[in-house]
Amino acid sequence: MHPLVASLAVVLTGGVVLIQATDGLAALTTERARRLAAHTDMPAVPAFTVETMTGKRLSLPPNDGRAAVVEFIYTNCPTICQAAGAEMARLRDRLTAGGFAGRVWLVSVSFDPARDTPDQMAEYGRWHGADGTVWTVARPEANDLPALLDAYGVTVIPDRTGGFVHNAALHVVSPEGRLTAILDMDDIDGAEKELKRALR
Amino acid sequence: MRARLAQAVVLIAVAALFRGPLEAGPVTHVLVQLPVLVLAGALIAPLLRFGCGDWNRGGWACLLAAGFGIAFWMLPRSIDAALADTRWEAAKFLTLPFLVGLPLAAGWARAHPLTRAVIKAQAVSMLAVMAFLYTHAPTRLCNAYLAEDQYRLGIGFLALAFAVAAASIAPLLFPARQQTSGRRSGAGGSGRTF
């Protein structure tokens with residue numbers, strides 16, 4: 001084979017592989033890839049039973065005609081989850097004012113179900129103003145946790161101070177139970193826009 | 001020749017046996033385990049007489065293949081995938097020796113000195129860019145690793161950039177030892193770099 005032909009074949013093959021591996025050079029990181037996949041593929045997320053801060057067992061996604069915005073937290077978190085709590089409160093206020101009342105459920109799901117008892121979650125809810133009507137705090141069954149995190153594409157790793165680090169985001173789930181968008185925690189405008197799309 | 005095969009097997013075995021500690025942090029994962037796998041492939045290249053045909057004249061086809069392989073495993077999402085999915089992990093153990101190390105050695109052996117010089121310069125600049133990216137990225141690039149470790153990896157890339165630059169100019173500073181140490185540091189340097 002002529003060396004030029006061989007090199008061209010390598011460049012073609014390599015180029016195709018790299019384009020495949022990066023969703024057309026659009027996503028170099030896992031985080032970008034999962035956000036892109038949610039927006040374009042809208043994968044169905046399996047239903048899990050979660051226990052809320054009042055001890056009620058509910059289905060997530062709710063499967064009652066409401067869309068959901070799901071975030072993942074652990075209540076002992078000193079940093080990002082506290083900021084996330086404030087952002088969820090802002091989102092709740094914006095949605096209530098924007099005519100989404102009764103059409104959207106906001107859930108902060110704990111990925112530390114062993115420590116986050118209903119009492120502990122209720123404390124977190126009180127602190128951030130989650131009263132359980134529009135926005136609640138909930139935990140999954142410990143057995144369901146890996147599958148739940150996998151379904152939403154969340155990776156939780158221990159930090160070096162006894163806490164956790166995770167790819168925090170707002171997960172928009174349509175009334176049909178499809179994950180339609182993943183957004184930055186503080187992207188309130190984006191969440192409102194994506195909820196409109198999910199509820200259409 | 002047999003020794004090379006044994007060395008390659010030992011390297012792959014070490015990379016596999018110490019998977020846990022090596023992959024616990026991005027510095028050892030990216031700067032130790034991945035280069036060890038590449039080096040294993042490079043060691044067996046002469047045994048297989050790979051890349052001796054006319055198709056590999058000037059080493060271009062092989063060097064390009066290695067370049068694409070390196071680019072693929074430089075993607076943060078590839079590293080995340082290897083940690084999350086055993087199929088990706090298996091692919092890593094296969095592709096780094098056979099689609100990066102092997103062609104890198106087979107291409108390097110036939111490359112013109114000018115080509116080699118360009119590759120070394122390219123490696124230094126690429127490592128410097130990676131160092132900047134990993135020390136300055138505002139977000140985590142790998143979901144599986146902490147931000148502080150990402151910064152450390154950036155510092156590691158910077159150290160490696162200096163190491164490759166130093167290894168490249170060493171023959172100019174010590175011309176008397178060029179024949180022996182120059183060649184050895186060249187082979188070792190490429191193993192560590194890619």
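The values are calculated or read from the model by the stated rules, or taken from the named source; none is laboratory data. All figures in this text were calculated on a predicted structure; none of them were measured in a lab. Neighbour counts are summed over all protein chains in view; Cβ atoms, including those assigned to glycine, are modelled from backbone coordinates with ideal geometry.
Picking from residues in region B:111-135 that are crowded, with 17+ Cβ neighbours inside 10 Å and of a type outside the set (Gly, Ala, Ser), the one that is farthest from residue B:74 (Cα to Cα) is B:116. Residues of region A:1-42 that are in a loop (DSSP other than H, G, I, E, B), within 9 Å of chain B (Cβ to nearest Cβ) and either within 30 Å of residue B:111 (Cα to Cα) or among the polar types (S, T, N, Q) (or both): A:1, A:2, A:22, A:29.
For region B:74-103, a residue qualifies if it is at the interface with chain A (Cβ under 10 Å from one of its Cβ atoms) and either in contact with a Leu (Cβ under 8 Å, 6 or more places away or on another chain) or farther than 18 Å from residue B:11 by Cβ (or both), and the qualifying residues are B:74, B:75, B:76, B:77, B:78, B:79, B:80, B:81, B:83, B:84, B:103.
Number of residues in region A:83-103 that are part of a helix (DSSP H, G or I) and either within 15 Å of residue A:169 (Cβ to Cβ) or touching a residue at least 24 places away in the same chain (Cβ under 8 Å) (or both): the value is 13. I'm trying to understand the selection: among the residues of region B:136-160, which are within 11 Å of another protein chain (Cβ to nearest Cβ), within 21 Å of the chain's Cα centre (by Cα) and aliphatic (A, V, I, L, M)? Matches in region B:136-160: B:141 only.
Kindly evaluate residue A:40 against the criterion of being surrounded by fewer than 17 Cβ atoms within 10 Å (Cβ to Cβ), free of Cβ contacts under 8 Å to residues at least 40 places away in the same chain and of a type in the set (S, T, N, Q).
yes
Looking at region A:61-73, can you tell me whether even one residue there is of a type in the set (Val, Ile, Thr), buried (at least 17 other Cβ atoms within 10 Å of the Cβ) and closer than 18 Å to residue A:196 by Cα? So far as region A:61-73 goes, yes, one or more of its residues are of a type in the set (Val, Ile, Thr), buried (at least 17 other Cβ atoms within 10 Å of the Cβ) and closer than 18 Å to residue A:196 by Cα.
Taking the conditions exactly as written (among the acidic types (Asp, Glu) and under 18 Å from the mean Cα position of the chain (by Cα)), does residue A:159 satisfy them or not? Before you say what the answer is, go through the steps one by one.
On the way: among the acidic types (Asp, Glu): yes; under 18 Å from the mean Cα position of the chain (by Cα): no.
The answer is no for residue A:159.
In the set (1) in contact (Cβ under 8 Å) with a residue 60 or more places away in the chain; (2) of a type outside the set (Val, Ile, Thr); (3) assigned to a helix (DSSP H, G or I), residue B:145 fails one condition alone, (3). Of a type in the set (A, V, I, L, M, F, W, C), surrounded by 19 or more Cβ atoms within 10 Å (Cβ to Cβ) and outside any helix (DSSP H, G or I), is that true of residue B:72? So residue B:72 fails the test.
For region B:46-69, how many residues are assigned to a helix (DSSP H, G or I) and farther than 19 Å from residue A:15 by Cβ? Give the derivation first.
Initial filter on region B:46-69 (assigned to a helix (DSSP H, G or I)): B:46-48, B:54-69.
Narrowing further to those that are farther than 19 Å from residue A:15 by Cβ: B:46-48, B:54, B:56-59.
So the count comes out to 8.
For region A:104-126, which residues satisfy the criterion of being closer than 18 Å to residue A:68 by Cα and free of Cβ contacts under 8 Å to residues at least 40 places away in the same chain?
The initial filter retains those residues of region A:104-126 that are closer than 18 Å to residue A:68 by Cα, namely A:104-111, A:125.
A:106, A:108, A:110 - these are the residues of region A:104-126 that are closer than 18 Å to residue A:68 by Cα and free of Cβ contacts under 8 Å to residues at least 40 places away in the same chain.
Checked against (1) within 22 Å of residue B:66 (Cβ to Cβ); (2) surrounded by 13 or more Cβ atoms within 10 Å (Cβ to Cβ); (3) at pLDDT 95 or above, residue B:182 passes all but condition (3). For region A:114-137, residues that are buried (at least 17 other Cβ atoms within 10 Å of the Cβ) and over 20 Å from residue A:88 (Cα atoms) total 0.
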